[in-house]
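Let me begin by presenting the structure, written as structure tokens, before commenting on it.
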Amino acid sequence: MLRALTGAGTIAGLAAGAAGTMGGLAAGGLLDDADAMPGTPVSAIGVPTDGPWRPSPAHVDVSWAVDTSQRLVALTFDDGPMPNWTPMVHDILDEARIPATFFLVGQRVQENARLIHGRMDRHAVGNHTWAHKDLTRMTHPQAYQAMHRAHTTIAEVTGKEPGLLRPPMGNIGGTTLSAAGALGYHVVLWSLKMRESYLGHPPGRLIDYIVDNTEPGTILLAHDTGHRDRLIAIRGLPAMIRGLRAKGFEFVTVPDLLAAAGTGAAKT
Ligand SMILES: [Zn+2]
């Protein structure tokens, strides 16, 4: 497993933040339901209370971006594979000959396996759960199942074993982390995203925003399905790729970006 990264984050940081918002309740002990703040879902607690669940000695890294001085950027696509959209993205990536990381929805991989058949060689895969439901509303066994089922299908269809998890909507609860830890996942969020709804018009605005705001180690979020606005980002991709290359950026997969994190790797 990769080490925690400076500029990214670790469970220790998350736990400290959670403890703060919970008034210090989460300081290491088990919580009874009665101890939770009113309205706090049980799954938001660092140590979930569902049933006889016991924590495993797991370690989970969470990365938003990577601390590197190299001009590397990881382009990521969530929610596919879906008809029309995903082949269009693959065509653009093939034309530019760049790798990307696809956070795949297990159910869609099963339904649309033909869309990615033979097209994933250069790319990395990540787990985006089985049905794209909010993990922070799930018990540990439910979250585990949502990840495990997707893991199996993604591995079968793509021939690649996912080691990265991106929780739907980026929502992280206690059981998201306990299940991710049990499956040995590195949780990957993002540090920059396509803002089609806000910056979509004129189209050059979004292109400039991405090219201007990408930094060494950026993990960039895009989608290969969704509402129509997202087509603005896909249509703008070739210009974004050209613009970033002109600034000296190289596109890498998320696993390669994490591996390139050099100095500053924190102890785990
Ligand atoms: Zn998603």
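FYI, it's all coordinate maths here, none of it is from the lab. The model shown is predicted, which means the values in this text are computed figures rather than measured ones. No Cβ is skipped: glycine too gets one built from the backbone with ideal geometry, and neighbour counts run over all protein chains shown.
General observations
- Estimated distance in nm for a label pair at Glu161 and Ala246, the labels positioned 7 Å out from Cα along Cα-to-Cβ: 4.3
- Counting only aspartates and glutamates at least 8 places from Lys160 when in the same chain, those with an alpha carbon closer than 13 Å to its own are Asp121.
- Residues whose amide H lies under 5 Å from that of Ser63, counting only those 5 or more places away or on a different chain, are Val187, Val188, Leu189; hydrogens are built 1.01 Å from N in the peptide plane.
- Peptides ranked, highest mean first, by Cβ atoms within 10 Å: ranges 216-225, 101-110: 101-110, 216-225
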